[in-house]
Amino acid sequence: MSELWKLSATEAVALLKKKKVSPLEMIDAAAARIEATNPRINALVTLCYERARQHARRLERDAPRDVPAHYLHGLPIAVKDGTDVAGVRCTSGSRIFADRIASASDIVVERLEANGAIVIGKSNLPEFAAGGNTFNDVFGATLNPWDVRMTASGSSGGSAAALAAGQVWLATGGDFGGSIRTPSSYCSTTGLRPSPGMIPRASKQPFSALSVEGPMARNVADTALMLDCEAGWHPLDPMSQVGPHPSFSAAAAAPRKPGRVAVSVDLGVARGVDRDVRAVWKAAAERLAGDGVLVEEAHPDLAEAEKTFLTLRGSVFIARHAQLLEKHRALYKPEIIENTEFGLRLTPAQIVAAEVAQGELIRRTAKWMSGYDLLVCPAVACPPFDVTQRYPEKIEGVPYEGYMGWLVLTYAVTVTALPVVALPAGFTPSGLPVGLQLIGPPRSEARLLAMAAYIEAVLDVKPRVPIDPRQPKA
């Protein structure tokens, strides 16, 4: 029982279901692992052990009957610090909200707890989840367990690092421009950016298809299990899906070999891609081809995706930050100020044009995807970098503009509204993780997870986490 942290979520839930281990014992195991590793990586920034133990005792005292097959039976999880958990500090990584206690839980937390999850702590994120490096003025930086000198990426960097170090078995993530996919790539974990509306959420802009909630885990089966707990209709989200969804866990348990796969190292939009990332992507494509998959180098036309995303993101920043910025400008990091002011300079005509352009991109890409089972590309254009560097300005000597430019491989896909699995694919010669995006046709989460399970087995990287945080010798 001293090494429960090494179990996958599905293995841990099986023990909980059979009462071979109790929720309280799982909490103790997580707490011990957090104590042993968190000082080195700063992944979990607010812990709520007493709330968790009270929840565990309620579950043991009043165990529900007729639970669904995906019920978690008291499995401890982490929740991103931009997502409310009732009675727990929620800062969003901002000094503005440094002492804020959430009065109620977010929809996704309510749903996870209703399905037997126990929240044990909050995971770190960049200020207001903006950017691909997890640091803020409230809690500092999250470090990568594979090399504690490096970033875990962001914005769900705390969740990915906690998973990689074995602190929790599942963690929540949010993905706007790649916030699930890039940390998963940098920490050699797995995550899903689902189709908009697959997981209900409440926001100021309920019809936006850009920002989604998604599951994060250590492997495909665990990711599917968490999605089963999160997905479905909710009256507060007009985009949420009505009707029963298929069992994603069952889909992941039946690996499906894709027939025809498109592969692209740059999607036609990344101006520079690191040579080590290229090598891992190429090796993965060759392994698929060697296993009999029809692999073709191709990608849809995403030429307008970057401009469209950045414009729509600017309009979102007006809603999220303009009023707060008027009152608390001195407490904001410069990148958010710049993005918000960019949004305020946009004209209504520019915003509407971007909305129209996204619609055209969605339809064009959906038609293109009808000829393929998957589109496979790198998740990030470069491997993990020094955590003290705010963001990469150049990759392979090619400059990227702004603090979001280097993330173009993920945010270009965001605009298409397609579901994406971020999957570990290999390592650089220095041992840093490199991940792939497995992009599926519209609303294809179950089939996508089944194909991801197949590719996970072919690439054989699943057993690499959890790990003890490390600093390799120079």
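The values are calculated or read from the model by the stated rules, or taken from the named source; none is laboratory data. Computed from a prediction, not measured in an experiment: that's the story for all the values here. Positions of Cβ are backbone-derived with ideal geometry, glycine not excepted, and every protein chain shown enters the neighbour counts. Heavy atoms of the whole protein, side chains included, go into the accessibility calculation; ligands, DNA and RNA do not. Shrake-Rupley method; radii C 1.70, N 1.55, O 1.52, S 1.80 Å.
Coupling constants for region 442-454 follow from the phi torsions by the Karplus curve (6.51 cos²θ - 1.76 cosθ + 1.60, θ = phi - 60°), and in residue order they are x, 6, 10, 3, 5, 5, 4, 5, 5, 6, 5, 4, 5 Hz; glycine and proline get x. Hey, any idea what Rg/Rh is for region 351-461, computing Rh the Kirkwood way over Cα pairs? The Rg/Rh ratio comes out at 1.01.
Helix content alone sets the calculated 222 nm mean residue ellipticity of the chain: runs of n ≥ 4 DSSP H residues at -39500 (n - 2.57) each, divided across all residues, give -11500 deg cm²/dmol. Average 1/r across all pairs of distinct alpha carbons in region 160-223, invert it, and you get the Kirkwood radius: 12.0 Å. When a/c reaches 1.5 or more, the comparison of a/b and b/c decides; with that in mind, is region 285-416 rounded, prolate or oblate per its Cα gyration tensor? Since a/c reaches 1.5 but b/c is at least a/b, the shape of region 285-416 is classed as oblate.
Quick one, can you get me the convex hull of the C-alpha atoms of the chain expressed as volume per residue in Å³?
133 Å³
Close amide H pairs (under 5 Å, H built 1.01 Å from N) link Met216 with Ala171, Gly173, residues at least 5 positions away or on another chain.
Just need the Rg to Rh number for region 127-172, please, alpha carbons only, Kirkwood Rh.
0.95
When the Cα positions of Gln323, Ala303, Val277 are compared along the charge dipole of region 271-329, Gln323 comes out farthest toward the positive end, with charges on each C-beta of Lys, Arg, Asp and Glu.
In this structure the amide hydrogen of Val263, modeled in the peptide plane, comes within under 5 Å of the amide hydrogens of Glu296, Glu297, Ala298, Val376, none closer than 5 places in sequence on its chain. DSSP finds beta bridges in region 49-151, and of those with both partners inside it, around 45 percent are antiparallel.
Along region 373-384 the Karplus relation, 6.51 cos²θ - 1.76 cosθ + 1.60 evaluated at θ = phi - 60°, assigns HN-Hα couplings of 7, 8, 10, 10, 8, x, 7, 9, 6, 9, x, x Hz to successive residues, with x for each Gly and Pro. When Rg and the Kirkwood Rh are both derived from Cα coordinates, the Rg/Rh ratio for region 1-79 amounts to 0.97. Show which lysines lie in cross-link reach of Lys327 when reach means a straight Cα distance below 21 angstrom and same-chain residues fewer than eight apart are skipped. Qualifying lysines at Cα under 21 Å: Lys204. The residue among Ala14, Ala36, Val79 whose Cα reaches farthest toward the positive pole of the charge dipole of region 1-109, with charges on the beta-carbon of Lys, Arg, Asp and Glu, is Ala14.
Percent antiparallel among DSSP beta bridges with both residues in the chain, to the nearest 5? So the antiparallel bridges amount to about 70 percent of the total.
Computed from backbone phi with θ = phi - 60° and the Karplus coefficients 6.51, -1.76 and 1.60, the 3J(HN,Hα) list for region 425-436 is 10, x, 9, 6, x, 8, x, 8, x, 10, x, 10 Hz; x is used for glycine and proline.
Using the Cα centre as the reference, give the magnitude of the dipole from point charges on the C-beta atoms of region 1-45 (Lys, Arg: +1; Asp, Glu: -1; all else neutral), rounded to the nearest 20 debye.
Using Cβ point charges on Lys, Arg, Asp and Glu, region 1-45 gives about 180 debye.
Summed over the residues of the chain and divided among them, the accessible surface reaches 38 Å² per residue at a probe radius of 1.4 Å. Residues whose amide H falls under 5 Å from that of Thr46, counting only those 5 or more places apart or on a different chain, are Lys122, with hydrogens built in the peptide plane.
Can you send over the carbon and sulfur percentage of the accessible area for the chain, probe radius 1.4 Å, protein chains only?
On the way: 9400 of 17950 Å².
Reported share for carbon and sulfur atoms: 52 percent.
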